[in-house]
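Worksheet: one structure, shown below.
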Amino acid sequence: MNILRTIVIAVLLALLAFAIFGPITNLLIWSVAETWYFPAKLPQSYGFAFWERVFRPQGNAMESLGNSVLIAVFTVIASLAVAIPAGLALGRGKLPWRSAFLLLFLLPQAFPSLAVHMNIARIFYSLGLNGTYTGVVLVHTIQGLVFSVWIATAAFSAVDRELEEAAANMGASPFTVFRTVTLPLALPGLMASAIFVFLISLDEFTGTFFVGVPDVTTMPLLLFTASMEGNYQIASITALILLVPSVGFMLFIERFLKADVLAKVGS
């Protein structure tokens, strides 16, 4: 029985590893494939010519990557500017309809992304925000608020009230209590929130396509263009470039995202 269980677990782990690393392996092979014609199982020739094409000044890869990172950073700032006061109120205050307010931030996810972004683009066009970095940051922020508000609420809910009361009893003002006790204790959750928002913005395509094109180009747009043109080498290289910061930030998350913090969301 134990042998059968071990075999089942090994097979499941192998399938999981294939599901995770299979697509990445395929990207790596395509990124160095000079020629690869059907029905060949592997490329006929290998090389780095397409990498050189991607990193040419006229290739726009570095500019697009810079745009993606810059937009993601400002999206994090805008999201936290809303999430911190909202999370503090929802996590620490005795608000009526607290659950309804939390569900309100899920509304953008309740509708098809295409329909939501088409209507946002129409509104932004009337406001002169289409084709601007501000418009792209705002549309990314709408997506990021789902995670930032919920995680911020969980982070502030997990703060021990007795520590705040102890600081207040020692004469600390409400602002000092928040600055020296509440905020530092909630900081790991807020950092996790910031990282999630950064990754969402870095990979966002639909919102950028409807609001930013043609003046704002990001890596997901470059990836889409290469894929539609059938240039799978360029598309694979672009995806791998996007994968590097994503993996780095996901490893960073592990240090700060705790299960007991997230468990506070529904309490």
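The values are calculated or read from the model by the stated rules, or taken from the named source; none is laboratory data. Keep in mind the model is a prediction, meaning the values are calculated, not measured. Here the Cβ is made from the backbone with ideal geometry for all residues, glycine too, and neighbour counts use every protein chain on show.
Side notes on the structure shown:
- Pairs, first at pLDDT below 90 in region 11-33, second assigned to a strand (DSSP E or B), C-beta under 7 Å, six or more apart: V32/Y46; A33/Y46
- Scanning region 206-251 for residues that are modelled with pLDDT of 90 or more, more than 19 Å from G59 (Cβ to Cβ) and of a type in the set (A, V, I, L, M, F, W, C) turns up F209, F210, V211.
- Sole residue being part of a helix (DSSP H, G or I), of a type outside the set (F, W, Y) and loosely packed, with under 10 Cβ neighbours inside 10 Å, chosen from L12, L4: L4
- Among all positions in region 31-45, there is at least one residue which is out of contact with any strand residue (DSSP E or B) (no Cβ under 9 Å at 6 or more places or on another chain) and either surrounded by 13 or more Cβ atoms within 10 Å (Cβ to Cβ) or assigned by TED's automatic domain parsing to the domain that holds L222 (or both).
- Output for region 201-213, where each listed residue is in a helix (DSSP H, G or I) and either in contact with a Phe, Trp or Tyr (Cβ under 7 Å, 6 or more places away or on another chain) or among the basic types (K, R) (or both): V211
- Only residues that are touching a residue at least 40 places away in the same chain (Cβ under 8 Å) and more than 12 Å from V137 (Cα to Cα) were counted across region 188-217, and they come to 18.
Condition check ((1) within 21 Å of the chain's Cα centre (by Cα); (2) surrounded by 17 or more Cβ atoms within 10 Å (Cβ to Cβ); (3) farther than 18 Å from E204 by Cβ) across all residues:
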{"site": "L90", "(1), (2), (3)": "no, yes, yes"}
{"site": "R98", "(1), (2), (3)": "no, no, yes"}
{"site": "L107", "(1), (2), (3)": "yes, no, no"}
{"site": "T132", "(1), (2), (3)": "yes, no, no"}
{"site": "S148", "(1), (2), (3)": "yes, yes, no"}
{"site": "A152", "(1), (2), (3)": "yes, yes, yes"}
{"site": "S173", "(1), (2), (3)": "no, no, yes"}
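- Within region 37-52, residues that are free of Cβ contacts under 8 Å to residues at least 12 places away in the same chain sit with their Cβ atoms under 8 Å from residues that are surrounded by 10 or more Cβ atoms within 10 Å (Cβ to Cβ) and not aromatic (F, W, Y), at 6+ positions apart or across chains, in these pairs: Y37/Q44; Q44/E34; Q44/T35.
- Qualifying residue in region 123-130 (condition: assigned to a helix (DSSP H, G or I) and touching a helix residue (DSSP H, G or I) at 6+ places or on another chain (Cβ under 6 Å)): yes
- Condition check for A49: farther than 22 Å from L243 by Cβ and either surrounded by 10 or more Cβ atoms within 10 Å (Cβ to Cβ) or not assigned by TED's automatic domain parsing to the domain that holds V244 (or both): no
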